[in-house]
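Contents: one structure, followed by commentary.
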């Protein structure tokens, strides 16, 4: 066998996706064997509003060897225990999607089935009383997990809320320290080689020609390489997810303060996010332009801010969906160049991370075996489709009939894969996580039950324990979680002790 290794990688576009790619690839590939260059232009803005993450970000930071306290300080981050949803099923309703798990293992059935059995018998607790992260979030508390499996704190699961531009800058420092070359400037031309149509080089406005073996497209919605040069095509999912605009605007902190969770509030024509960071609060309104004008959306967002605005409104336009191929020839697309799913469940940064991890598992040589490219595309499609289904669930499983948007999504046909999930849960409360599906059992249960999709029956195996014994065991779990939560510091106290960021000086 003859080795034919990749000798040069060109990353087109900076921002979060580009510098995540540069940081990960430079960590894994020695710079004396593979040259990595990143091209970005200070004149081309980045979206930079993806500030909320999910727990797999911990694995990415560990891969890079990042010290967590330093990372939190450098990115003005806070800790995130889940997402609070307001006004989704009906106006006035609130539920929480926690990270981690509900309860502990009791017998053969999943924990929530035993809770459903006691609920039927008159138990007045909500399911959140058996989730440590839900309890901590409600009380504004945070602590890192411990290794002792006997402690409820061993179940603490968390992610981060951070300033995306500061994260990109931080990763840029790491990547350049490992040999990544940054080129400033715009790309004005892409040259394809004959006869196979692979990307041979990109030409910059300065006239410089940058050649590469592997190209990573992080150029955002426009897809400079994957779409404009290679004509890969785009699969539109806006018939299921009709929101096509967002306006973002940070503000000063109000009375709510450093809540250890993201909030998503349903509005007449979409939904609004609140993401508290150490130095500001990120806010945005995701909406469907068919039902509200841009000016109205900006006005509604501005009127709802809890503190003084810190920037002008940033208006974004998008079309929900994904590229027909995330990897085409010698080009891999990441981030917005690969597709867009609205940030309702904070998956944007994760999908970049997932694309990178799958690329490393299927890392090519210069022969670019088509079977490996096809495998990569199949795995990325599967992940995007499962995330899509989970987001569609939030829109479809509602009882709201107070606006045209909610009437449309409540009554629309949904993907068969999602309908099967809903039907299985309605029947016996069962959730099956398939293959490498991102969202686990807890996530599906939280949203389904939070939006009033209630099982007709619980698992028959949950009927086996004696009712008195089962009641005692569940109450013991509930009380242990309550005691553990009460012993935690508030998130503000935890940050003050461990990872408070320096104030950002204006100018």
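The values are calculated or read from the model by the stated rules, or taken from the named source; none is laboratory data. Just so it is clear, the structure is predicted and the values come from calculations on it, not from any experiment. Heads up, the Cβs are rebuilt from the backbone with ideal geometry, glycines too, and the neighbour counts pull from every protein chain shown.
If you go through segment 337-345 one residue at a time, do you hit one that is under 24 Å from residue 191 (Cβ atoms) and buried (at least 23 other Cβ atoms within 10 Å of the Cβ)? I'd like the intermediate steps shown before the answer.
Initial filter on segment 337-345 (under 24 Å from residue 191 (Cβ atoms)): 337-338.
From what is left, the residues that are buried (at least 23 other Cβ atoms within 10 Å of the Cβ) are 337-338.
Yes.
Take the residues in segment 149-163 that are more than 20 Å from residue 500 (Cβ to Cβ) and in contact with a helix residue (DSSP H, G or I) (Cβ under 8 Å, 6 or more places away or on another chain); name whichever of them is surrounded by the fewest Cβ atoms within 10 Å (Cβ to Cβ). It would help to see each step written out before you state the result.
Initially, segment 149-163 is screened for residues more than 20 Å from residue 500 (Cβ to Cβ), giving 149-157.
Narrowing the set further to residues that are in contact with a helix residue (DSSP H, G or I) (Cβ under 8 Å, 6 or more places away or on another chain) leaves 151-153, 155-157.
Details: 151: 13, 152: 20, 153: 18, 155: 20, 156: 21, 157: 18.
Among residues in segment 149-163 that are more than 20 Å from residue 500 (Cβ to Cβ) and in contact with a helix residue (DSSP H, G or I) (Cβ under 8 Å, 6 or more places away or on another chain), the one surrounded by the fewest Cβ atoms within 10 Å (Cβ to Cβ) is 151.
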Please specify each residue of segment 173-210 satisfying the condition of being more than 30 Å from the chain's Cα centre (by Cα), crowded, with 17+ Cβ neighbours inside 10 Å and outside any strand (DSSP E or B).
198
The one condition in (1) surrounded by fewer than 21 Cβ atoms within 10 Å (Cβ to Cβ); (2) on the phi < 0 side of the Ramachandran plot that residue 232 fails to fulfil
(1)
Counting just the residues of segment 80-114 that are out of contact with any helix residue (DSSP H, G or I) (no Cβ under 6 Å at 6 or more places or on another chain) and not in a loop (DSSP other than H, G, I, E, B), which one comes out surrounded by the fewest Cβ atoms within 10 Å (Cβ to Cβ)?
94
Residue 127 assigned by TED's automatic domain parsing to the domain that holds residue 448, surrounded by 23 or more Cβ atoms within 10 Å (Cβ to Cβ), in contact (Cβ under 8 Å) with a residue 24 or more places away in the chain and touching a helix residue (DSSP H, G or I) at 6+ places or on another chain (Cβ under 9 Å):
no
Given the conditions (1) part of a loop (DSSP other than H, G, I, E, B); (2) in contact with a helix residue (DSSP H, G or I) (Cβ under 8 Å, 6 or more places away or on another chain); (3) within 21 Å of residue 93 (Cα to Cα), which single one is not true for residue 452?
(2)
Can you find a residue in segment 297-318 that is crowded, with 24+ Cβ neighbours inside 10 Å and under 23 Å from the mean Cα position of the chain (by Cα)?
no
Identify the single condition in (1) crowded, with 17+ Cβ neighbours inside 10 Å; (2) under 26 Å from residue 440 (Cβ atoms); (3) in contact with a helix residue (DSSP H, G or I) (Cβ under 7 Å, 6 or more places away or on another chain); (4) modelled with pLDDT of 95 or more that residue 56 does not satisfy, given that it satisfies every other one.
(1)
Could you identify the single residue in 414, 373, 391, 422 that is touching a strand residue (DSSP E or B) at 6+ places or on another chain (Cβ under 6 Å) and either closer than 18 Å to residue 236 by Cα or at pLDDT 95 or above (or both)?
373
Among (1) in the same structural domain as residue 36 (by TED's automatic domain parsing); (2) under 30 Å from residue 248 (Cα atoms); (3) surrounded by 20 or more Cβ atoms within 10 Å (Cβ to Cβ), there is one condition residue 141 misses while meeting the rest; what is its number?
(1)
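Could you pull out the residue among 424, 405 that is in contact (Cβ under 8 Å) with a residue 40 or more places away in the chain and in a helix (DSSP H, G or I)?
Numbers: 424 fails: in contact (Cβ under 8 Å) with a residue 40 or more places away in the chain.
Only one candidate passes the filter, namely 405.
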Sole exception among (1) modelled with pLDDT under 95; (2) surrounded by fewer than 15 Cβ atoms within 10 Å (Cβ to Cβ); (3) within 30 Å of residue 237 (Cβ to Cβ) for residue 437, by number
(2)
Taking segment 223-267, which residues are more than 21 Å from the chain's Cα centre (by Cα) and within 30 Å of residue 493 (Cα to Cα)?
251, 252, 253, 254, 255, 256, 257
Can you name the number of the only condition in (1) buried (at least 22 other Cβ atoms within 10 Å of the Cβ); (2) touching a helix residue (DSSP H, G or I) at 6+ places or on another chain (Cβ under 8 Å); (3) in contact (Cβ under 8 Å) with a residue 40 or more places away in the chain that residue 283 fails?
(3)
Just give me the residues in segment 415-424 being over 24 Å from the mean Cα position of the chain (by Cα) and surrounded by 11 or more Cβ atoms within 10 Å (Cβ to Cβ), in sequence order.
424
